[in-house]
Structures are given as structure tokens and as C-alpha cells.
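The values are calculated or read from the model by the stated rules, or taken from the named source; none is laboratory data. All values derive from a computational prediction rather than experimental measurement. Note that each Cβ is placed from the backbone with ideal geometry, even for glycine, and that neighbours are counted across all protein chains shown.
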Amino acid sequence: MTIHRIMAKDNDWKSRLQVVYSTNPDYNYVTDDEPEVETLPKQQQKLRVQMEKNHRGGKTVTIVRGFVGTDEDLKILAKLLKTRCGVGGSAKGGEIIIQGDFKPKVVELLLKEGYTQTK
């Protein structure tokens, strides 16, 4: 006798709450989730690096905008930039926020990594 374990992600009943099921065999289940965009190659990424001080309590931050790709790839790039600059920051909504005035260094790092369309 063998016991099969059901993986948590295969049996995630919470994601199906408030879903009405149909007995129609031709019914196509539709979700509101948008498919994640594939990450463009580094040479096709049009990244823009800007300095911003507004609405940040007087603190200066460096913002990288224009990244097209998955959140995972965005976080990987953000971690690389934060590590090389030696500061904190965040990555969400297609932009990377680096704490401090690091615009020239961030542009240089992005160009070295192969993001050729960086300004």
C-alpha cells in the first residue's frame, strides 16, 4: 500500500474560494489573473535612470524605470544594483528604487551588464 502526498500548490483550495463550478464539460474556466510578460533580452530593454527627491521626506533616490519582464527578473536586477552600490532599495511595479544619489554608477553598471539602451 502506498500513500501519495498531495502538494500544497496542487491542493490550494483558497485560490478557488467563491468560484462557481459548472457541470458543463465544455465550460472553460477563466481567471482574472494576467499572464506575466516575458522578459525582453538585455539589448532590447529601454531603461531610464532618474533622480527623485519629491514625496520622499527629503531623501534622494535613484529610480530605474522601463523594465519589461517578470517580477522575479526585476528583483534579480535590483539585488545586483543594490549590492554593487552597497545600499538598500526595492523593486516593484516595473521600477527599481535605489536609496541615494547613484545615477552615474547605476548607468555604468547597467551598461556593463549588457543593457545597451540605458540613459
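For this structure, a couple of remarks:
- Filtered residue count, segment 91-119, keeping only those that are touching a residue at least 40 places away in the same chain (Cβ under 8 Å), aliphatic (A, V, I, L, M) and surrounded by 19 or more Cβ atoms within 10 Å (Cβ to Cβ): 2
- The residue pairs whose first member lies in segment 51-65 and is basic (K, R), whose second member is at pLDDT 90 or above and part of a loop (DSSP other than H, G, I, E, B), and whose beta carbons are closer than 7 Å, counting only pairs six or more residues apart or on different chains, are K53/T60.
- For first residues located in segment 72-90 and part of a helix (DSSP H, G or I), partners that are hydroxyl-bearing (S, T, Y) and lie 6+ apart or on another chain with Cβ distances below 6 Å form the pairs D73/T39.
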